[in-house]
Amino acid sequence: MKKAVVLFSIACFVSFAFVIGTQTLFYIPKNWPAPQYNFSKNPLSEAKIELGRKLFYDPILSRNGSISCASCHSQYTAFTHVDHALSHGIDDRVGTRNSPALMNLAWHNTFMWDGAINQLDMQALAPISHPDEMGESIANVVAKLKHSTAYPKLFFTAFNDSIITGEHTLKAISQFLLTLVTANSKYDSVMRKLSYFTVQQNSGYRLFQKNCSSCHIEPLFTNLQFENNGLPVDTTLNDFGRMKVTLNKNDSLKFKVPSLRNIEFSYPYMHDGRFKRLSDVLNYYTSGVQYSNTLSPQLKNKIKLTSNEKVDIIAFLLTLTDKEFLFNTNFSFPRTK
Amino acid sequence: MKLRCVFILLIFAFKSFLALAQTEQKTSIVFHPMFGNSILTPNNLFYSLGNNGDSIQIETFKFYISAIELLKDDKIVWKEENSFHLINVADEKSLTIFIPGASNTVYNTISFNLGIDSLINVSGAMGGDLDPTKGMYWTWQSGYVNLKLEGRSNLCKSRNNEFQFHLGGYQYPFNTLQKVILKVEENKKIDIVLDIKNFIESIDLSQQNQIMSPNKQAVLLSEKAVGIFSVK
């Protein structure tokens, strides 16, 4: 009976699924937009996903074997860096930005806070090569993988080619990242009419729709655009966001709108991790937003919220936590079977 | 008499074999790196620059060419599928491109792109000459480097007198892709001279010694880089 219910709910709430045995490795939740990632150029397979997962957790990707992707993107915090405002990398060097949570990446078409990366496959090159992150080069990573005992066999199983290449290394990492789908929060079950918001959560949801969802648009909770939400520049970092990529003044201080799913666990907040608590963020939106030429129009009229209303919005934001995602063993450190 | 017949037949067979071998000789494009009148080799060699005793050393010179086409009087008569080649002056092998499929076409013009087009730039991880391990892909901002020229000159006011020009960018307004069109004589071997002397002398090395991302300068220099190519 229980199994039937599970099967039924999968049939209802998933419009596409990549299933191996009893495991759903990737799926498109019902009523979600189509993914941006071009799967035809990198078709999913269990062996490639597993290889990507192993690479994600393997410090072999860093110069001195000390840092893996997971060092800055840990599952229990929705794949962001625990507690650090600015990410920490090799030799304890501190980066210049807060590591974003990694989730629902198949729906993104640009990556990084400023959109410097145009395709998921190319993302891993950035941390691998960054002197403050992993301090390595992809050519050297490939050389190390070739000389390892485990990888040549895994690459052969995954790609039918025993010669390890940069292309295959990056595609495997993408495959794992693509499986990080989160769509099973309380919010989702309310939308599926399987559960109800409390009165407070419901009030928060209304206030959120009125004040926040033009940028943090459902169901991804981001419009995937670059917006200036009015944060004053941190003069120790002088990070002007999107302008660095386009060299266009109109893009000054614009950052990629982050998703708010699992926001309960992905603190600290903003591109430089300047806020520790959600209450700080709400106080900021009502009284900290700074006017500038590129400030997004939605914020030109001040957001007004009473302190009770702020508490309600936070209560709603907490319904975006997806425990199944945070503790899904398919995403955790791969233990040998 | 019989023997003579066999002999003639043999000669005939040999001749037609030769003819066959000749038509099967592959068409190739061969690049000849030069600095003015000297042959260009990476490292060590000094080439003189202008008339003031200034000099230059080249350490890296590599670039992509793509979308090779042969034309006869402006009509495309042959084009290469999946046409992407990394030409690296330090790698002798890369200086010859075989295009066997073109052997039986009649042409008088070759055209190709200097660089990688925008579609490939947004298509994710690629293999072969486009593999990111080739060191021609920017890591912190997506996109291929179309052309890399690095070396030293006493004119550069930089650390160790180094200069580094990494030209690339596929997005408006910094699209650096260039089309190169050259008249060629129909031949099994298309010899293309790569002379970087004028190109380098057009840059004021005392003012400019680095381009490392897509910008206006990268576009200007890419346009000038078309002049590197000529036919012997």
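A few comments on the model shown:
- The value obtained for region B:27-231, namely the Cα convex hull volume divided by the number of residues, is 127 Å³ per residue.
- Using R0 = 35 Å, the C-beta based FRET efficiency linking A:N248 and A:N283 works out to 0.65.
- 4 °C / 1.567 mPa s Stokes-Einstein diffusion coefficient of the protein assembly as shown, Kirkwood radius on C-alpha pairs, µm²/s: 48 µm²/s
- Accessible-area composition of chain A, carbon plus sulfur, in percent [1.4 Å probe]: 56 percent
- Net length available on complete extension from B:K183 to B:K75 is 37.6 nm, with 0.36 nm assigned per residue and the Cα-Cα distance removed.
- Each of B:I120 and A:V94 was given a label point 7 Å from its Cα along the Cα-to-Cβ line. The distance between the two points is 4.2 nm.
- Solvent-accessible area lost on pairing B with A (1.4 Å probe, both sides summed) amounts to about 1600 Å².
- Per residue Cα convex hull volume in Å³ - calculated over region B:143-183: 124 Å³
- Globularity index of region B:135-232, i.e. its alpha-carbon radius of gyration over 2.2 N^0.38 Å: 1.19
- Sorting the Cα pairs of region A:221-266 by distance into bins of 5 Å, from 0 upward, gives 5, 21, 24, 22, 17, 9, 2 percent per bin.
- Only helical runs count toward this figure. For chain B, summing -39,500 (n - 2.57) over DSSP H runs of n ≥ 4 and dividing by all residues gives -5000 deg cm²/dmol at 222 nm.
- Dividing the summed -39500 (n - 2.57) terms of all DSSP H runs of n ≥ 4 by the residue count of chain A sets its mean residue ellipticity at 222 nm at -9500 deg cm²/dmol.
- Solvent-accessible area, 1.4 Å probe, carbon plus sulfur percent, for region B:27-231: 47 percent
- Distance from the C-alpha centroid of region B:193-231 to that of region B:77-155: 17 Å, rounded to the whole angstrom.
- Neighbouring Cβ atoms from other chains, within 10 Å of the Cβ of residues in B:117-126, number 6 on average.
- Accessible-area value, A:V190, 1.4 Å probe, nucleic acids and ligands omitted, Å²: 20 Å²
- The stretch between B:H32 and B:S103 holds 23.4 nm of extra length on full extension. This uses 0.36 nm per residue minus the Cα-Cα distance.
- Estimated inter-spin distance, B:I39 and B:D204, nm [label 7 Å along Cα→Cβ]: 3.7 nm
- Three-way shape call for region B:97-166 based on the alpha-carbon gyration tensor, with the a/c threshold at 1.5: oblate
- Rounded to the nearest 10 degrees, the inclination of helix B:216-225 to the longest alpha-carbon principal axis of chain B is 30 degrees.
- Scattering curve values for region B:45-114, log₁₀ I(q)/I(0), Debye with Cα scatterers, q = 0.12, 0.21, 0.26 Å⁻¹: -0.49, -0.90, -1.15
- Cross-linked pairs B:K148/B:K224; A:K171/B:K62; A:K48/A:K144: Cα-Cα separations exceed 24 Å for A:K171/B:K62.
- Of the Cα atoms belonging to chain A, the radius of gyration and Dmax stand at 20.5, 62 Å.
- The base-10 log of I(q)/I(0) for region A:155-283, evaluated at q = 0.15, 0.23 Å⁻¹, reads -0.93, -1.41 [Debye formula, identical scatterers on Cα atoms, solvent excluded].
- Per residue of peptide A:130-143, the mean number of Cβ atoms on other chains within 10 Å of the residue Cβ is 2.
- Relative to the longest principal axis of the Cα atoms of chain B, helix B:2-23 runs at roughly 20 degrees.
- Burial of accessible area (probe 1.4 Å, heavy atoms of protein chains only) in region A:167-208, relative to its chain alone, reaches at least 30 Å² for A:E167.
The values are calculated or read from the model by the stated rules, or taken from the named source; none is laboratory data. This structure is a prediction, so every number in the text was calculated from the model and none was measured. As a convention, Cβ positions derive from the backbone with ideal geometry for all residues, glycine included, and neighbour counts pool all protein chains shown. These area figures cover heavy atoms from the full protein model, side chains too; ligands, DNA and RNA do not enter into them. Shrake-Rupley method; radii C 1.70, N 1.55, O 1.52, S 1.80 Å.
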